Amino acid sequence: MKKIRPHIEWVAFTTGLVLIAMMDPLSSGSSLCFFEFVGIEFCPGEGLGHSIAWIFRGEFENAVSANLFGIPAVLILSLRILQIWKDLYINKTTTQKGHTDGRSL
């Protein structure tokens, strides 16, 4: 488990991005929005998955119209994945506890 823990975050982010990128942005499915579950009709993340799917298809105009925060979300997640890889494989700065940023597990 100690060898797996430093990789959980980047694997989860990468898997999520790949799965959303493979999603058909024209399809509509069930929503995972907490606000909709509690009865509030406004959802701040509405269309974020569709926006990310459009980004990976190069359709930036559709991405922005789906959700304005799709591009920043992809950039932030991609930069975090690269930062973790850099810490794990280039700098090799894992702590004795096995976490890349010094937090204890």
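The values are calculated or read from the model by the stated rules, or taken from the named source; none is laboratory data. Note that the structure is a prediction, hence the values are computed from the model and not measured. So basically every Cβ, Gly included, is an ideal-geometry build from the backbone, and we count neighbours across all protein chains shown.
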Of the numbered conditions (1) touching a Leu at 6+ places or on another chain (Cβ under 9 Å); (2) within 29 Å of ASP87 (Cβ to Cβ), HIS50 satisfies every one except a single condition; which is it? (2)
Subset of the range 9-62 that is among the acidic types (Asp, Glu) and outside any loop (DSSP other than H, G, I, E, B) - its residue that is surrounded by the fewest Cβ atoms within 10 Å (Cβ to Cβ): GLU61
Those residues of the range 63-77 that are surrounded by 14 or more Cβ atoms within 10 Å (Cβ to Cβ) and either in a loop (DSSP other than H, G, I, E, B) or not polar (S, T, N, Q) (or both) come to a total of 10
What are the pairs with Cβ atoms under 8 angstrom where one residue, in the range 14-39, is touching a residue at least 60 places away in the same chain (Cβ under 8 Å) and aliphatic (A, V, I, L, M) and the other, located anywhere, is assigned to a helix (DSSP H, G or I) and surrounded by fewer than 15 Cβ atoms within 10 Å (Cβ to Cβ)? Sequence gap at least six, or different chains. LEU17/SER78
Residue under question is GLU59, and the condition is that it be at pLDDT 90 or above, out of contact with any strand residue (DSSP E or B) (no Cβ under 6 Å at 6 or more places or on another chain) and farther than 24 Å from TRP10 by Cα; does it hold? yes
